[in-house]
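Remarks on the structure that follows.
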Amino acid sequence: MGDSRMIELFRVRPHGKFRLKDRDPGWDDIQDIKGLRKKDAKDKAQSFLKRNLQELTEAQELLWASDSYSILVVLQAMDAAGKDGIIEHVMSGMNPQGCQVFSFKSPSAEELDHNFLWRCMKALPERGRIGIFNRSYYEEVLVVKVHPEFLERQKLPPNNRGKSFWADRFEDINSFEKHLARNGTAIVKIFLHISKQEQRERFLARLEDPHKHWKFSLADLAEREHWDEYMKAYEDAIGATSTAWAPWYVIPADHKWVARAAVASILTDTIRSLELEFPSVNEEQRKNLAQAKKQLEKE
């Protein structure tokens, strides 16, 4: 399957009805690998990823050189879906100067004294850079929606929690992202869609490997008990905020190698869609470059 067709399969169309059950987290029809043995399929996907990483590296260089756009990557997922692996593998070939990663955990007292977008606004990438949010302001319509008691800490004005509360937050997010897009930030929102069974297998693998015990928390199991509530919250959030200017991509994450190849392809395609060019030089600069070359050749 070609890159463009694959990307379109994962993109969530604006204004359409979105249901997670229509998206298969174990999907493996990537670059004609469906039907292959698992090892052969993995090898083919790894080859596909390697090619995409090279293309992504070239695209990032163009983004950095043009210094006119930035890329914001929003990564959201249930625990153990592979966010850290995406960051490690997909971003491995990029110039560190042009890439930054921010992980957002429970808000601090200072952050709770501001609106729910504030702490993420401070971390937005400047022009020429790719900024990755490992979790994001979407936690405010996901975790907080599943655990509404967290709203008590947010010091909101009284009577600001009626029927329209979540719809208002979706509207705030859409407006915020539209503002960013208008001002040169291309937004890529990734939901790594893992099945409940695969999450269980990955949790067990962490518990069986002493080197991975640090990754496991009893809080992960507590959140797993709210699986259905989270799936509904994700459906609502993705359906309400996948827009033409900030689309969501639902990536099947049961196979890590499929997810990594897909994300690399989407990022490369996003940068290419900006139709960037390397900075041009004027006649005087060309003369200076020619003179510099002559000087160096004489040494």
- All positions within segment 10-54 that are within 18 Å of the chain's Cα centre (by Cα) and modelled with pLDDT under 90: Leu49, Asn52, Leu53
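Each row is one residue, and each column tells you yes or no for (1) surrounded by fewer than 10 Cβ atoms within 10 Å (Cβ to Cβ); (2) closer than 29 Å to Lys145 by Cα; (3) touching a strand residue (DSSP E or B) at 6+ places or on another chain (Cβ under 6 Å); (4) among the small types (Gly, Ala, Ser).
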site: Lys189; (1), (2), (3), (4): no, yes, yes, no
site: Arg202; (1), (2), (3), (4): no, yes, no, no
site: Ser217; (1), (2), (3), (4): no, yes, no, yes
site: His226; (1), (2), (3), (4): no, yes, no, no
site: Asp236; (1), (2), (3), (4): no, yes, no, no
site: Ala240; (1), (2), (3), (4): no, yes, no, yes
site: Lys256; (1), (2), (3), (4): no, yes, no, no
- Query: Where in segment 108-165 are there helices (runs of 4 or more DSSP H), lying fully within it, with 1 or more residues that are under 30 Å from Gln60 (Cα atoms)?
  - Reply: 118-121
- Reported set for segment 181-224 where residues are of a type outside the set (A, V, I, L, M, F, W, C), over 23 Å from Gly26 (Cβ atoms) and modelled with pLDDT of 95 or more is Arg182, Asn183, Gly184, Thr185
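Right, Ile132: in contact with a Pro (Cβ under 9 Å, 6 or more places away or on another chain), among the β-branched types (Val, Ile, Thr) and touching a residue at least 40 places away in the same chain (Cβ under 8 Å) or not? Working first, answer last.
Details: in contact with a Pro (Cβ under 9 Å, 6 or more places away or on another chain): yes; among the β-branched types (Val, Ile, Thr): yes; touching a residue at least 40 places away in the same chain (Cβ under 8 Å): yes.
Judged against the criteria, Ile132 is a match.
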- Note on the structure: Considering residues that are out of contact with any strand residue (DSSP E or B) (no Cβ under 7 Å at 6 or more places or on another chain) and either acidic (Asp, Glu) or surrounded by 15 or more Cβ atoms within 10 Å (Cβ to Cβ) (or both), the number found within segment 95-111 is 3
- Is segment 212-226 home to any residue that is under 22 Å from the mean Cα position of the chain (by Cα), within 19 Å of Ile251 (Cβ to Cβ) and not basic (Lys, Arg)? no
- Task: Answer yes or no as to whether Ile238 is closer than 30 Å to Leu276 by Cβ and in contact with an Asp or Glu (Cβ under 9 Å, 6 or more places away or on another chain).
- Result: no
- Message: Suppose we filter Gly93, Gly98 for residues that are more than 19 Å from Asn174 (Cα to Cα), in contact (Cβ under 8 Å) with a residue 40 or more places away in the chain and of a type outside the set (D, E, K, R); which single one remains?
- Response: Gly93
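The values are calculated or read from the model by the stated rules, or taken from the named source; none is laboratory data. Just so we're clear, the structure is a prediction, and the values are computed from it rather than from any experiment. Note that each Cβ is placed from the backbone with ideal geometry, even for glycine, and that neighbours are counted across all protein chains shown.
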